[in-house]
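The values are calculated or read from the model by the stated rules, or taken from the named source; none is laboratory data. Here the structure is a predicted model, which means the values were calculated and not measured. Note: ideal-geometry Cβ built from the backbone for every residue, glycine included; neighbour counts use all protein chains shown.
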Amino acid sequence: MVVSDMEKAQILHALKSNFNVDKAIVDELLGQIKDESIRLNFPRIQRGLTAEENYRAIFSAMPWIKNINGLHQEQEGHHKKDYQVPDYSLLVEDSGKINFPLLVDVKVVSGNKESCELMIKQLHSLRAYARDHNSQLLIAIYWERLGYWTHNCVRNFGGKKKNKINWAEAIANDVSHVLSDYSFVVEKDFYRRAFFSKNKAEGMVSHKKYGYFSEIFIGTDPKSLKPYDLVFSSAIDSIFRGEELEVKEVPGGVEMLERFSGMRIVKVSNWLVNFLNLWGFDPATKFDERRVTTLGRIAMVELSHELDFKVTYLIPRDKNEDTEKLFKQAYDGTGVMRDYYSGA
């Protein structure tokens with residue numbers, strides 16, 4: 001079996017991700033990659049591979065994605081001049097409960113960079129692959145400094161060579177909600193009453209000031225709050241900042257009432273990224289055979305329904321042939337499709 005240099009880089013990345021490997025061994029294995037462009041760019045390739053893995057963990061938690069399959073890109077060399085295999089093939093459920101295919105290529109914009117730029121040859125070969133597989137192609141971009149994912153149609157890339165998009169353009173033309181990565185509009189105040197114990201019991205999580213979380217109650221009326229598990233409280237802490245209205249000593253600990261106010265828009269994947277960062281979880285972490293991303297997403301959606309957050313579907317600012325086709329596939333005959341045509 002002949003292994004390409006890119007496959008060697010992928011194997012080395014997997015080795016580093018799953019085992020404690022001495023730097024000397026990594027350097028020795030890296031030295032066996034003959035292609036200098038791959039060897040010298042291994043840190044960038046590794047970042048991209050990590051982004052691909054995180055993409056799978058986060059977006060497999062989305063309910064409309066019915067299948068997400070990594071395309072391993074093991075092409076014959078002479079085919080690469082015409083085609084580049086994207087990172088993932090997806091089956092996505094439309095508004096009529098019928099699945100349609102999508103192809104997704106994952107990119108990461110690291111550090112403080114503000115634009116994502118595709119190589120011209122790569123762009124053409126990705127589009128050729130999508131065209132001949134009769135599937136729409138989306139570019140999934142992780143904006144590292146924002147902790148934010150966008151999905152963009154290729155025709156929304158601009159510049160002289162039509163291969164570049166900045167973060168503002170990407171967000172204005174984001175079509176992630178097609179994958180059920182929609183946004184919630186938060187307009188109403190909501191409240192959390194928490195009881196903190198002075199004594200830690202198994203499974204308790206500490207608060208930086210008041211002790212250990214014992215009981216949590218959440219709702220829009222401070223006089224009739226409902227009990228929730230800690231994961232719901234963590235979902236709140238990962239994206240909202242509360243105002244302490246009342247703190248008092250009670251038998252065995254402390255009771256605190258907080259108010260969360262101010263209008264904001266919260267996107268599910270961004271909420272999940274913040275949730276993972278709050279806990280320091282690897283996106284692939286599982287509890288009882290379920291990814292932590294799935295558990296977090298379920299808590300966020302349940303909480304949003306309970307607190308009367310409104311779901312919103314962004315209409316791309318710059319509509320084109322790709323966006324229209326995608327919206328028809330996902331939302332044909334719905335209010336979202338009517339909003340697309342009316343410009344709402």
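Quick look at the values:
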| quantity | calculated |
| --- | --- |
| Qualifying positions in the stretch 155-169 - buried (at least 22 other Cβ atoms within 10 Å of the Cβ) and farther than 23 Å from LEU91 by Cα | ILE165 |
| Answer from VAL250, VAL336 - the residue that is among the hydrophobic types (A, V, I, L, M, F, W, C), over 20 Å from the mean Cα position of the chain (by Cα) and farther than 24 Å from ARG192 by Cβ | VAL336 |
| Considering residues of the stretch 30-58 that are touching a helix residue (DSSP H, G or I) at 6+ places or on another chain (Cβ under 6 Å) and either modelled with pLDDT of 90 or more or among the polar types (S, T, N, Q) (or both) only, the residue surrounded by the most Cβ atoms within 10 Å (Cβ to Cβ) | ILE58 |
| Any hit, the stretch 292-310, residues being surrounded by 15 or more Cβ atoms within 10 Å (Cβ to Cβ), among the aliphatic types (A, V, I, L, M) and touching a Pro at 6+ places or on another chain (Cβ under 7 Å) | no |
| Any hit, the stretch 255-270, residues being under 28 Å from the mean Cα position of the chain (by Cα), of a type outside the set (A, V, I, L, M, F, W, C), surrounded by 12 or more Cβ atoms within 10 Å (Cβ to Cβ) and under 30 Å from ILE120 (Cβ atoms) | yes |
| Test result for LYS80, in the same structural domain as GLU324 (by TED's automatic domain parsing), touching a residue at least 40 places away in the same chain (Cβ under 8 Å) and of a type in the set (Lys, Arg) | yes |
| Checking GLU243 against (1) in the same structural domain as TYR55 (by TED's automatic domain parsing); (2) out of contact with any Cys (no Cβ under 6 Å at 6 or more places or on another chain), the condition it does not meet | (1) |
| Selection within the stretch 125-154 - out of contact with any helix residue (DSSP H, G or I) (no Cβ under 7 Å at 6 or more places or on another chain) and buried (at least 16 other Cβ atoms within 10 Å of the Cβ) | SER125, LEU126, TYR129, ALA130, SER135, LEU138 |
| Output for the stretch 88-118, where each listed residue is touching a Gly at 6+ places or on another chain (Cβ under 9 Å) and either within 21 Å of LEU272 (Cα to Cα) or of a type in the set (Lys, Arg) (or both) | TYR88, VAL106, LYS107, VAL108 |
| Residue that is surrounded by the most Cβ atoms within 10 Å (Cβ to Cβ), among those in the stretch 170-214 that are out of contact with any strand residue (DSSP E or B) (no Cβ under 8 Å at 6 or more places or on another chain) and within 19 Å of PHE232 (Cα to Cα) | LYS188 |
| Tally of residues being part of a strand (DSSP E or B) and more than 15 Å from TRP271 (Cβ to Cβ) across the stretch 154-185 | 4 |
